[in-house]
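The values are calculated or read from the model by the stated rules, or taken from the named source; none is laboratory data. Please read all numbers here as calculations on a predicted model, not as lab measurements. Glycine also receives a Cβ, built like all others from the backbone with ideal geometry; neighbour counts cover every protein chain displayed. These area figures cover heavy atoms from the full protein model, side chains too; ligands, DNA and RNA do not enter into them. Shrake-Rupley method; radii C 1.70, N 1.55, O 1.52, S 1.80 Å.
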Amino acid sequence: MNITREQREVGTSILKVVVNEQDYGEAVDKMLREYKRKANIPGFRPGMVPMGVVRKMYGKGAVAEQAYKIASNSVFEYLQKEGIDYVGDVIPSDEQGDFDFDNNTEHEFMFEIGEAPKIELELTKEDKLTYNKIKIDAKMVEAYKDNYLRRYGRLVDVEAVTKDEALTVALDNGDIQVDDAYVGLISMSDEERAAFLGKKVGDKMEVDVNELYKSASQRASILKVKEEELESINPKFTLEVKQIRQFANPELNEEFFKMAFPAGNITTAEELDKFLTSEIETELGREADYLFTIRVRNFLMEKAALQMPAEFLKRWLYVINEGKFTKEDIEKDFDAFLKMFTWNYIQKHFIQTYELRVSEEEAQAEAKEFAKAQFAQYGMPSAPEEMIANFSKQILENKEQSQKIYEKLYEAKVVEYVKSKIKVSNKSVTSEEFAKLAQQA
């Protein structure tokens, strides 16, 4: 067996592997003996087929399979022995020649690798980044509190439409009458909502149900018809307001605190305000951390200035996806892929070089935070500890979700390590200023 390496475009090498009968002969014989043992060919008893017949029927395929297998394995052994690091994976080269497994005993296979660029990063206090904290103002606290209390609010009747009320209406186009249709103004844009402002119970207006209810399935449900019947229905209806209801925040009484905080940890309005401020700080802290992570990523990628084997990676993506994506599809999204691929490569360097580790306890704590956020999203901001623990366990038992948890934590480890080696300046900004900074990142 002979292996030679040839440089092609920047960061790409071709490995030529020449194998002969001495390399694959024994494996082929073993494979054919197994065929002979299992062969069921008319005219021969099972296991009694002459080897000559077996070799004639299966010999070419056996040589092709075993020769390629040995060539492929030898490439990985060669890369490990020579200490050659690569990105992606080893793929068959497009430069592959013709094979004659019937007549030749020597066969040449060609493989392609994308060479991993060397990372040389020296971090010092001369390297500077800014960590932006978001200032908490009264308006932000009030909006957050209102949104939080709405989870426990109730619908109450009001006299007129003022903003995002829930309406019960009657619809009539002469052919179809619906007495109890629902119209939710909260889901409308300001422009769509404008026509309803000021309306009172008993008021009428002309509407187009195609504009009022965007989806066909929703229109069919409201009008109590089948979707295929919608085309024949006149969409112009007279709408009469029957009821106007608005969400009202709950009273901060004993009943509310028992419902919102069954553990009994918060029982007064003052304690609620402290809790909500803490929640805001945590949420804003996550946003600040995320922006800083982007800055660290961009800083490291610019400082490392790695030259990835881009053209090889495009071919690699095409091969490993087995036709799921066209080359045009890959080209369209490649810049975003390359950026994330490079960032993951740099993270791997830091994790391995500085032996950064995520403990099982850290993963469990992060899974619990994720579980809490999920419960809060579905109206359970104070879910029982046992419920959170069970859900977090399910998260970590799910391979895909567990991987995301660990990836997030490892990224945080890398960012914290970099933060400890460079100079970081803290600067507080308003939420509006932060939004502009985030757009620029």
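Per-structure values
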read-out: Count - residues of region 349-384 that are closer than 30 Å to Ile280 by Cβ and in contact (Cβ under 8 Å) with a residue 40 or more places away in the chain; value: 8
read-out: Failed criterion for Asp23 (all others in (1) open to solvent by 100 Å² or more (accessible area, probe 1.4 Å); (2) among the acidic types (Asp, Glu); (3) under 18 Å from His107 (Cα atoms) hold); value: (1)
read-out: Helices (runs of 4 or more DSSP H) contained entirely in region 305-406, each with at least 3 residues that are open to solvent by less than 70 Å² (accessible area, probe 1.4 Å) and closer than 30 Å to Ser420 by Cβ; value: 327-353, 360-377, 385-397
read-out: Every pair of residues 6+ apart whose Cβ atoms lie under 6 Å, when the first sits in region 84-103 and is closer than 27 Å to Leu338 by Cα and among the hydrophobic types (A, V, I, L, M, F, W, C) while the second is open to solvent by 70 Å² or more (accessible area, probe 1.4 Å) and modelled with pLDDT of 90 or more; value: none
read-out: Members of region 407-428 found to be part of a helix (DSSP H, G or I), closer than 17 Å to Leu300 by Cα and open to solvent by 40 Å² or more (accessible area, probe 1.4 Å), listed by number; value: Tyr410, Glu411, Ala412, Lys413, Glu416, Tyr417, Lys419, Ser420, Lys421
read-out: Test: residue in region 82-103 that is modelled with pLDDT under 90, over 46 Å from the mean Cα position of the chain (by Cα), open to solvent by 60 Å² or more (accessible area, probe 1.4 Å) and of a type outside the set (Gly, Ala, Ser); value: yes
read-out: Residue among Val429, Val424, Val415 that alone is under 30 Å from Asp127 (Cβ atoms), among the β-branched types (Val, Ile, Thr), in contact with an Asp or Glu (Cβ under 9 Å, 6 or more places away or on another chain) and touching a residue at least 12 places away in the same chain (Cβ under 8 Å); value: Val415
read-out: Helices (runs of 4 or more DSSP H) within region 193-264 that include 2 or more residues of a type in the set (D, E, K, R) and more than 16 Å from Thr168 (Cα to Cα); value: 254-260
